[in-house]
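Engineer: Dropping the structure in here first, questions after.
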Amino acid sequence: MTVLLFNKPYGVLSQFSPEGNHRALNEFHFPKGVYAAGRLDHDSEGALLLTDNGQLIKTLLDPKKAHPRTYLAQVEGQITEEAIQKLMNGIVIQGYHTRKCKAEIVPEPQYLWDRNPPIRYRANIPTSWVKLTLIEGKNRQVRHMTAAVGFPTLRLVRIQIDKLGLDGLKPGEWKDVTAFFSHTTMQSTHRKRNRSNRDR
């Protein structure tokens, strides 16, 4: 099994075939046989896992497993604590009520790289940053959520999947994280065996 953590740049699709004017994963010299475990939209950036293990992909995408994913969103306007509370409690987007999540207002992250191209600023409207941790991943969910509380997302960066952070990976760079998943998979198998033994 191979698992890779990739810092997906802005404008790159989470697939190996380019479409239209969008770049794709084929540019980044991944080992043969790996595929994206989930997706980030072309206009989102940050952590994306790739693996050659189909069962792991199913596990990571299974909403019942509740794998946390952490995002930084730069939003239009000065987001309020009232809006944060609504995000945390869950809101209705496109007929779906989102699950409770973690959300907090954070200072502008100084460690983030500059986006290319930069976001479109409007001189008379400030921007602010919110950190969200979700355990589900509906299509463009974070963007829909912040828009629903009145603060549209201008930039979205996924900085962490489960306990795996980017840790200095630059856009377009990737690293092998197979050991992390081998360890956690073994722990999960061990717990299942222990439960099975107790039930006998």
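Engineer: So what J values fall out for region 51-67 if you push phi through Karplus, 6.51 cos²θ - 1.76 cosθ + 1.60 with θ = phi - 60°, rounded to Hz, Gly and Pro as x?
Structural biologist: Each residue of region 51-67 in turn: 8, 9, 9, x, 5, 5, 4, 4, 5, 5, 8, 6, x, 5, 7, 6, 6 Hz.
Engineer: I'd like the orientation of helix 178-199 relative to the chain: the angle between its Cα long axis and the longest Cα principal axis, in ° from 0 to 90, rounded to 10.
Structural biologist: That helix lies at roughly 60 degrees to the long axis.
Engineer: Shifting gears a bit: Leaving out ligands, DNA and RNA, and with a 1.4 Å probe, what % of the accessible surface on the chain is carbon or sulfur?
Structural biologist: That fraction is 49 percent.
Engineer: Work out, step by step, the length gained on full extension between GLU136 and ALA179: first 0.36 nm times the residue separation, then minus their alpha carbon distance; give nm to one decimal.
Structural biologist: 13.0 nm
Engineer: Decide, for region 117-182, between rounded, prolate and oblate: order the square roots of the alpha carbon gyration tensor eigenvalues as a ≥ b ≥ c, take rounded if a/c falls under 1.5, and otherwise choose prolate if a/b is larger than b/c, else oblate.
Structural biologist: Cα axes put region 117-182 in the oblate bin.
Engineer: Could you rank HIS67, HIS42 by how accessible they are, 1.4 Å probe, largest area first?
Structural biologist: HIS42, HIS67
Engineer: Pull up the cross-link candidates among the lysines for LYS64, meaning alpha carbon to alpha carbon under 26 Å and not fewer than 8 places away within one chain.
Structural biologist: Candidates past the 8-residue exclusion: LYS8, LYS86, LYS100, LYS102, LYS131, LYS138, LYS163, LYS192.
Engineer: Still on this structure, I have one more. What ³J(HN,Hα) values, in whole Hz, does the Karplus curve 6.51 cos²θ - 1.76 cosθ + 1.60 give for region 28-36 when θ = phi - 60°, with x put for Gly and Pro?
Structural biologist: Working through the residues one at a time gives 10, 6, 6, x, 5, x, 8, 9, 5 Hz.
Engineer: Report the paramagnetic label zone for ASP43: residues of region 136-151 whose backbone N is under 18 Å from a point 7 Å from Cα along the Cα-to-Cβ axis.
Structural biologist: The answer is 138-151.
Engineer: Could I ask something else about it? With n ≥ 4 as the cut-off for DSSP H runs, can you work out [θ] at 222 nm for the chain, using -39500 (n - 2.57) per run divided by the number of residues, rounded to the nearest 500?
Structural biologist: Calculated from helices alone, the mean residue ellipticity at 222 nm is -7500 deg cm²/dmol.
Engineer: With all protein chains present, calculate the accessible area of THR80 using a 1.4 Å probe and round the result to the nearest 10 Å².
Structural biologist: 60
Engineer: Please list 3J(HN,Hα) in residue order for region 169-174, calculated via the Karplus relation 6.51 cos²θ - 1.76 cosθ + 1.60 where θ = phi - 60°; whole Hz, with x for glycine and proline.
Structural biologist: 4, 8, x, x, 9, 9
Engineer: Working out 0.36 nm times the residue gap between TYR111 and LEU164, then minus their Cα-Cα distance, what length gain in nm do you get to one decimal?
Structural biologist: Length gained between TYR111 and LEU164: 17.4 nm.
Engineer: Considering only protein heavy atoms, what per residue accessible area in square angstrom results for region 111-188 with a 1.4 angstrom probe?
Structural biologist: 57
Engineer: Using a simple charge model, +1 on the beta-carbon of Lys and Arg, -1 on the beta-carbon of Asp and Glu, nothing else, what dipole does the chain show about its Cα centre, in debye to the nearest 20?
Structural biologist: Its charge dipole is roughly 900 debye.
Engineer: Can you compute log10 of I(q)/I(0) for region 88-136 with the Debye formula, treating each Cα as one identical point scatterer, at q = 0.21, 0.27 Å⁻¹?
Structural biologist: For the requested q values the scattering log ratios are -0.94, -1.02.
Engineer: Right, another one. Show me the ranking of peptides 12-19, 28-35, 113-120 by mean Cβ neighbours inside 10 Å, starting with the highest.
Structural biologist: Top to bottom by mean Cβ count within 10 Å: 12-19, 28-35, 113-120.
Engineer: If you take every residue apart from LEU4 with its C-beta less than 11 Å away from the C-beta of LEU4, what net charge results, scoring Lys and Arg +1 and Asp and Glu -1?
Structural biologist: Charge balance in the 11 Å sphere: -2.
Engineer: What residues have an amide H closer than 5 Å to that of ARG115, excluding those fewer than 5 places away on the same chain, when H is modeled at 1.01 Å from N in the peptide plane?
Structural biologist: Amide H neighbours of ARG115: none.
Engineer: Binning every alpha carbon pair distance of the chain at 5 Å from zero, what are the percents per bin?
Structural biologist: 1, 7, 15, 18, 18, 16, 12, 7, 4, 2, 1, 0, 0, 0
Engineer: Indicate the gyration tensor shape class of region 34-120 (rounded, prolate or oblate), computed on the Cα atoms with a ≥ b ≥ c the square roots of the eigenvalues: a/c under 1.5 is rounded; otherwise a/b larger than b/c is prolate and the rest oblate.
Structural biologist: It comes out oblate by the Cα gyration axes.
The values are calculated or read from the model by the stated rules, or taken from the named source; none is laboratory data. Since the model is a prediction, treat every value here as computed from it, not as a measurement. Every residue, glycine among them, receives a Cβ derived from its backbone with ideal geometry; neighbour counts consider all protein chains shown. Surface accessibility is based on the protein's heavy atoms, side chains included, excluding ligands, DNA and RNA. Shrake-Rupley method; radii C 1.70, N 1.55, O 1.52, S 1.80 Å.
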